[in-house]
Amino acid sequence: MSCWSDLYEQKKLSPAEAAQTLSGCTNLILGMGVAMPPRLIEATAEALKHNDLPQHLNLYYMHGSEALETHLLNPELHDKVTPRSLFLSGHDRRAIKTAAAAGISNWIEFVPSAFHQVGRLLTENIEPDCFFVTVSPMDKHGYFSLGTNADYGATVIRKARKIVVEVNRFMPRTFGECSVHISEIDHLIEADVPLSEVPDFEASETDIAIASQVAERIQDGDTLQMGVGGVPNAVLGMLENHKNLGLHSELFSPAMVKLIKKGALNGRLKHLMQHKHVFTLALGDRAMFDFMDDNPSIVGFPASWVNNPAVIRQIPNMVSVNAAIEVDITGQINAEQIKGSPFSGTGGQLDFVRGAYGSRGGRSFIALHSTAKGDALSRIVPELTGGAVTDTRMDAHNIVTEYGCVELKGLSLTQRVKALIGIAHPKFREELTQKAQDLGYLGR
């Protein structure tokens, strides 16, 4: 331990000193979500404010944090920083509104990318000058852990020109490809800041109505991928009496912990990583982080592997459940934009839609409420209004609203149109039928 402790001390800096190491760096990549290091972010913002870093910084990241919103997404820095997000969070959306109110438009730029390609994009298509990320404390062998976030971090940390980590005792130690040795990093700071938490999503009556239709189509022995939101959480809550479920999921969440403790989620029948709960990022609360800590059954791998459709399709009976903003009457799915403006991002939805359908016995489900804005708008639409196609109509498998579940594979355009109008809110069905006729999908 002593030799690694000596190296640890040699590489330790104050946050202000760590920010100075960005001199000469153009592209700064930040860890995602929970792994976004708050003290390094704050110190970097201070250095920019005081002109201690003369060069312009390009920020690349996914799922911005409160610290990012507060410090680096401050409109005062708009002429010194260009944020480029590959997936927007609520913090990013608020920062966009704050900048717009200050007369700064199109400051936070959106970079489209399927999640399984993000690590490659950030290390091949973009020069990774520096990487900032939060890690767990070092163990006796000199290893830190990326904890909650293997995602693109496990890829970038091997290839960035300069690596600075924020050591935080609250970050859990996880297994898989999350280990990083002291010899692999350039500098470190210490900052024991409680990790950002995401409260459990409360399921509405509509969420429960949708979730029940998905849950009844999940069988004992299936392997699950669940997205974020009330519907996936509600689905997981309905599976407590299932047996031998497996997990191979982009996201690890508190609802999954409950199923593991119940014994329903055990990975016993998985053909790939048997008995292991596979994830690439985790969002949740302190209790979930504590459950993950030093738990050999919880394994994090980079999104380039977890989300790769070629890997997913190797898992029999793979079930993918995700949400959408709108679906058009031919089956095109928009899960990322509202009226042309990015709301979240491309993410890993298409990765799992394709991977699950390629799996023997696999199924993917896209869940959405039939309406928005207090029933004023239909979310089953004649044509997508968001300006983005997250999943093509060729990829769409099962679409679910509170009015039913339709399987689109094998249906003609006319059959699809009728099926999707059938699960739209009743008040919009006549209007949708008329629009479908005008577009030539139905006979007059």
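The values are calculated or read from the model by the stated rules, or taken from the named source; none is laboratory data. Quick caveat: nothing in here was measured; it's all calculated off a predicted structure. Glycine gets a Cβ as well: all are built from the backbone with ideal geometry, and neighbour counts include every protein chain shown.
The table for this structure:
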{"item": "Number of positions in segment 175-185 that are assigned to a strand (DSSP E or B) and of a type in the set (S, T, N, Q)", "result": "1"}
{"item": "Residue within segment 254-275 that is assigned by TED's automatic domain parsing to the domain that holds D222, under 19 Å from the mean Cα position of the chain (by Cα) and closer than 19 Å to Q117 by Cα present", "result": "no"}
{"item": "Extreme residue, surrounded by the fewest Cβ atoms within 10 Å (Cβ to Cβ), among residues of segment 170-185 that are aliphatic (A, V, I, L, M) and farther than 29 Å from A255 by Cα", "result": "I182"}
{"item": "Candidate set: segment 194-217, residues that are of a type in the set (A, V, I, L, M, F, W, C) and out of contact with any Phe, Trp or Tyr (no Cβ under 7 Å at 6 or more places or on another chain); chosen: the one nearest to L13 (Cα to Cα)", "result": "V198"}
{"item": "Qualifying position, being in a loop (DSSP other than H, G, I, E, B), buried (at least 16 other Cβ atoms within 10 Å of the Cβ) and not aromatic (F, W, Y), among L188, L239", "result": "L239"}
{"item": "Residues of segment 310-319 satisfying the condition of being crowded, with 21+ Cβ neighbours inside 10 Å and outside any loop (DSSP other than H, G, I, E, B)", "result": "I312, M318, V319"}
{"item": "Residue in segment 158-169 that is surrounded by fewer than 19 Cβ atoms within 10 Å (Cβ to Cβ), over 25 Å from L121 (Cα atoms), modelled with pLDDT of 95 or more and not polar (S, T, N, Q) present", "result": "yes"}
{"item": "Filtered residue count, segment 104-119, keeping only those that are surrounded by fewer than 16 Cβ atoms within 10 Å (Cβ to Cβ) and either within 26 Å of V353 (Cα to Cα) or touching a residue at least 12 places away in the same chain (Cβ under 8 Å) (or both)", "result": "3"}
{"item": "Condition check for E402: in contact with a strand residue (DSSP E or B) (Cβ under 8 Å, 6 or more places away or on another chain) and acidic (D, E)", "result": "no"}
{"item": "Tally, over segment 396-444, of residues that are of a type in the set (S, T, Y), closer than 22 Å to V231 by Cβ and in contact with a Leu (Cβ under 8 Å, 6 or more places away or on another chain)", "result": "1"}
{"item": "Condition check for D151: assigned to a loop (DSSP other than H, G, I, E, B), more than 25 Å from N74 (Cα to Cα) and within 19 Å of the chain's Cα centre (by Cα)", "result": "yes"}
{"item": "Enumeration of residues in segment 1-29 that are outside any loop (DSSP other than H, G, I, E, B) and surrounded by fewer than 12 Cβ atoms within 10 Å (Cβ to Cβ)", "result": "S2, C3, D6, E9, Q10"}
{"item": "E326 surrounded by fewer than 21 Cβ atoms within 10 Å (Cβ to Cβ) and at pLDDT 95 or above", "result": "no"}
{"item": "Tabulated pairs, segment 286-304, first under 21 Å from F352 (Cβ atoms) and touching a residue at least 60 places away in the same chain (Cβ under 8 Å), second part of a helix (DSSP H, G or I) and of a type in the set (K, R), C-beta under 7 angstrom, 6+ apart or interchain", "result": "S304/R120"}
{"item": "Which numbered condition N233 fails, given (1) in a helix (DSSP H, G or I); (2) surrounded by fewer than 20 Cβ atoms within 10 Å (Cβ to Cβ)", "result": "(2)"}
{"item": "Yes/no for G221 being surrounded by fewer than 22 Cβ atoms within 10 Å (Cβ to Cβ) and either touching a residue at least 60 places away in the same chain (Cβ under 8 Å) or of a type in the set (K, R) (or both)", "result": "yes"}
{"item": "Residue within segment 267-288 that is assigned to a helix (DSSP H, G or I) and either surrounded by fewer than 18 Cβ atoms within 10 Å (Cβ to Cβ) or among the charged types (D, E, K, R) (or both) present", "result": "yes"}
{"item": "Exclusive hit being surrounded by fewer than 24 Cβ atoms within 10 Å (Cβ to Cβ), assigned by TED's automatic domain parsing to the domain that holds V389 and β-branched (V, I, T), set V299, V306", "result": "V299"}
{"item": "Strands (runs of 3 or more DSSP E) completely within segment 330-444 that count 1 or more residues being over 20 Å from the mean Cα position of the chain (by Cα) and of a type in the set (S, T, Y)", "result": "398-401"}
{"item": "Filter result (surrounded by 15 or more Cβ atoms within 10 Å (Cβ to Cβ) and either of a type in the set (F, W, Y) or assigned to a loop (DSSP other than H, G, I, E, B) (or both)) within segment 70-103", "result": "H71, L72, L73, N74, H78, K80, L86, F87, L88, S89"}
{"item": "Residue within segment 428-442 that is surrounded by fewer than 18 Cβ atoms within 10 Å (Cβ to Cβ), of a type outside the set (S, T, Y) and under 29 Å from V319 (Cα atoms) present", "result": "no"}
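For (1) among the β-branched types (V, I, T); (2) under 30 Å from K373 (Cα atoms); (3) assigned to a strand (DSSP E or B); (4) touching a strand residue (DSSP E or B) at 6+ places or on another chain (Cβ under 7 Å), each residue gets a yes or a no:
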position: V165; (1), (2), (3), (4): yes, no, yes, yes
position: R173; (1), (2), (3), (4): no, no, no, yes
position: L195; (1), (2), (3), (4): no, no, no, no
position: T206; (1), (2), (3), (4): yes, yes, no, no
position: A209; (1), (2), (3), (4): no, yes, no, no
